[in-house]
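What follows is a set of notes on a single structure, which appears directly below.
Each value in this text was obtained by applying a stated rule to the coordinates, not by laboratory testing. Worth saying up front: this structure is predicted, and the values here are computed from it rather than measured. Here the Cβ positions follow ideal geometry from the backbone for every residue, glycine too, while neighbour counts run over all protein chains shown.
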Amino acid sequence: MTAVPVVTIDGPSGTGKGTIAELLAKRLGWHCLDSGALYRALGLAAQRRGIDLDAAEPLARLAAGLRLEFRDARVLLDGADVSALIRTETAGGAASRVAAHAAVREVLLDWQRAAACPPGLVADGRDMGSVVFPDAPVKVFLTASPEERAARRYKQLKDKGMDVSLPALVAEIEARDARDRGRAVAPLVAPRGALVVDTTSLAIPEVLDRVLAAVRRVFPG
Ligand code: C5P
């Protein structure tokens, strides 16, 4: 599919995928694809246009014309910075609803694959290793206990100054994960051959070390 080296990092929310993907990309000097931001921005764009989140075809058309840019650490939708807006758990729920449609995912495939540019790509999401980059030489799947994942998301959102309640967050995360695991197309699964890391009691540098060791076995650079 591509000669550009790709490392995929998948897993449910709150496992540290995004953080590890960013740190790893920085360490390797590679590009980083936050595929969740794509679904989050699409959910936001749909809500702004009053498009039903269950309407596959209108959503797929919207996805095909989505004006989305990743610039530095910012996400621009129709030229405006939506980085903070797409990070709420409500935006996560909308993302998970639009992400359940096969037609939507199909449209976004090329866009995601085009992110594989030299010198390499670290891609994080739910189906990076199973569907988008099935030939990636290094696949990682991060897990953590539900309690730990909710606590991490709570801290993350609080640190961003958002008003969140822990019980509501737990319920939203559970609903989102159940939808992501149970959907018919590209469900959340550990890809075959993936390095599975339970991050429940690991600090970020420890997770990074394990992932980096797996990457170095394949790309000794
Ligand atoms: O990773 P993040 O929490 O930003 O993803 C938001 C939602 O987008 C997920 O709950 C999932 O439904 C969807 N998603 C997906 N496939 C990906 C990345 C995200 O379905 N590769």
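What share of Cα pairs, in percent, lie more than 21 angstrom apart in the chain?
That fraction is 53 percent.
Taking the dipole about the Cα centre of the stretch 1-82, with the C-beta of Lys and Arg at +1 and of Asp and Glu at -1, give me whichever of Val75, Gly36, Ala63 is farthest to the positive side.
Among Val75, Gly36, Ala63, the one farthest towards the positive end of the dipole of the stretch 1-82 is Val75.
Per residue of the chain, what 222 nm ellipticity follows from adding -39500 (n - 2.57) for every DSSP H run with n ≥ 4, rounded to the nearest 500?
Counting only the DSSP helices, I get -14500 deg cm²/dmol.
Just report the Cα centroid separation between the stretch 44-121 and the stretch 143-221, whole Å.
About 20 Å separates the Cα centre of the stretch 44-121 from the one of the stretch 143-221.
Assuming R0 = 41 Å, can you tell me the calculated FRET efficiency for the pair Glu106 and Arg74, based on Cβ-Cβ distance, to the nearest 0.05?
Efficiency, from the Cβ-Cβ distance: 0.90.
Residues with beta-carbon under 10 Å from that of Met162, excluding Met162: net charge, scoring Lys, Arg +1 and Asp, Glu -1?
0
Taking 41 Å as R0, compute the FRET efficiency from the Cβ-Cβ separation of Val196 and Arg49 and round it to 0.05.
0.55
Taking the Cα centre of the chain as origin and charging only Cβ (+1 Lys, Arg; -1 Asp, Glu), how large is the dipole, in debye to the nearest 20? Don't skip to the end; give the middle numbers.
Working: 30 positive and 27 negative charges, 50 e Å.
My answer is approximately 240 debye.
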